């Protein structure tokens, strides 16, 4: 049970941290923030990695894990790049000003 | 081998710290770009930590490496390509798509562990009931996130319309039924770890569709933001399934932050989350209550030439850009028109409605792409008192956000939504393709007003004509 109770603490504190992190967001940043947070939610790729590593020679499981990893990385890489593309447009103007 | 555990621990801690700083930084204009990179670095670190730890403790077989590399390459390349290729106008859809894939990933992990329980090494650590429960949550939230996001994307792309049955009360029964079935499946699975698996997946997928499908128009970004929060929850649940604290903390952070962002968005649109989720689409309720508000009686239309003449005599011009502008890819032509006006010492500002372009902040991105100076973009609260002192307002492909009904007509479904008071200006030109209703499907009273003239045509073409006329008149060519 020790992992579980520890994990619950982690869950609780993580949630509280998340609630505090974003206070006032200017409307300009709503879209980039959503897309950035979305990329982070692809962190589930760690679970996919763990699954593949632990599955040994179980082929169906390897395939499921690999597909899962693909979906997660699609989310992560696409998410970060698209966010960067959006934010690059704001910063370009900043430097010129 | 002994040094690996503390190293992995340190990496995890660093990754969590960077992720938190990343989310924090993303909410400030100045630090946003660096923050995004920081978060990306954190993700790489986290993945590295998992690989290092596994290699050092249980070892990673060649077989596993092959499948890891396959998944990474395919998913990563597709993601990179999509991110590079997608036009800025399709941003809401693409965020929904990415988000759905994140949910799908969590779902698949839970599915894998549930189908082949023996492979889960942490069996002894996490009690079986708890493990099964985590699987249920991961499946449930993952499936809702995936199906909901895909429906949201399809609706934004225009591939799906709102079927009429989803506007009736029947949808509540449908959704409750799905939820109950998923719950029963969940209880089954929690107890014996095998049965009820696909019951949950199917029922929660249907639930995701049933909840998202009736939601229309301006509310869609709120739903995407909410689903984004869900995908964080799904990741946290997957963290319980595979026993990863890093995953739990990161998922919880995104889930909670997404919830806050959703609330901020709702506040910006003067909608409550409950009415977004259970109120149904705006347009349909108006159609039900009397044909969308009646016919137009007093439409004045004019040519780009007349519009140019009025602009020439103006001192203050306000542009109201909307989604139509973005669809016509006219933001660059618009920028040329405003350059000409500025050269003629005409003051030009842009009025940005909080949900202009169908997603908060979306229009800022699009105008930034066209090189419009940041200082010229004004938010609704700033610009609204300035309309009475404005000579000309150009409404470009915006509709619902300039509908005075939202202020004047208590029976209107739009009533209460914050709008731009363009009718206060001396003259209003509405550049629009035809008389069709806006995204909400509601008649716009603005078009009937005395001081409003319609310029019909594609935004890009009209602006191009306008540019020619202005040049012919010699506006802005004094130097």
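If r is the Cβ-Cβ distance from residue B:173 to residue B:471 and R0 is 51 Å, what FRET efficiency results, to the nearest 0.05?
It comes to 0.25.
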- prompt: Fully extended, how many nm does the chain gain between residue B:347 and residue B:202 (0.36 nm per residue separation, minus their Cα-Cα distance)?
  reply: 46.5 nm
query: Based on the Cβ-Cβ distance from residue B:435 to residue B:408, what FRET efficiency comes out when R0 is 25 Å, to the nearest 0.05?
result: 0.75
field: Estimated [θ] at 222 nm from DSSP helical runs (n ≥ 4, -39500 (n - 2.57)) normalised by residues in chain B, nearest 500
entry: -19500 deg cm²/dmol
field: Rounded if a/c under 1.5, otherwise prolate or oblate - chain B, Cα gyration tensor axes
entry: prolate
- line: Longest principal axis of chain B (C-alpha) makes with the long axis of helix B:128-157 (C-alpha) an angle, in degrees to the nearest 10, of 20
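For peptide B:52-65, compute the average count of partner chain beta-carbon atoms within 10 Å of each residue's beta-carbon.
Per-residue shielding by partner chains comes out at 3.
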field: Distance between modelled label sites at residue B:298 and residue A:19, nm, 7 Å Cα→Cβ extension
entry: 5.2
task: Taking chain B as the reference, fit the longest principal axis to its C-alpha atoms, fit the long axis of helix B:197-212 to the helix C-alpha atoms, and give the angle between the two in degrees, 0 to 90, nearest 10.
output: 10
- request: Quantify how much of the Cα-Cα distance distribution of the protein assembly as shown extends past 42 Å, in percent.
  value: 27
task: Calculate the mean, over all residues of peptide B:91-99, of how many other protein chain Cβ atoms lie within 10 angstrom of the residue's Cβ.
output: 6
message: Based on alpha-carbon atoms only, what is the radius of gyration of the stretch A:26-90 relative to the globular estimate 2.2 N^0.38 Å?
response: 1.41
- prompt: So what's the angle, to the nearest 10 degrees on a 0 to 90 scale, between helix B:32-57 and the longest Cα principal axis of chain B?
  reply: 10
message: If R₀ is 30 angstrom, what is the calculated FRET efficiency for the pair residue B:55 and residue B:85, using the beta carbon separation as r and rounding to 0.05?
response: 0.25
task: Compute the normalised compactness of the stretch B:1-153: alpha-carbon radius of gyration over 2.2 N^0.38 Å, N being the residue count.
output: 1.21
message: Contact order normalised by length for chain B, with contacts defined as Cα pairs under 8 Å and 6 or more residues apart; what percent is it?
response: 13
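Since every read-out is calculated from the coordinates, none of them should be taken as a lab result. Just so you know, these numbers come straight off a predicted model, no measurement behind them. Counting neighbours? That spans all protein chains shown, and the Cβs are built from the backbone with ideal geometry, glycine included.
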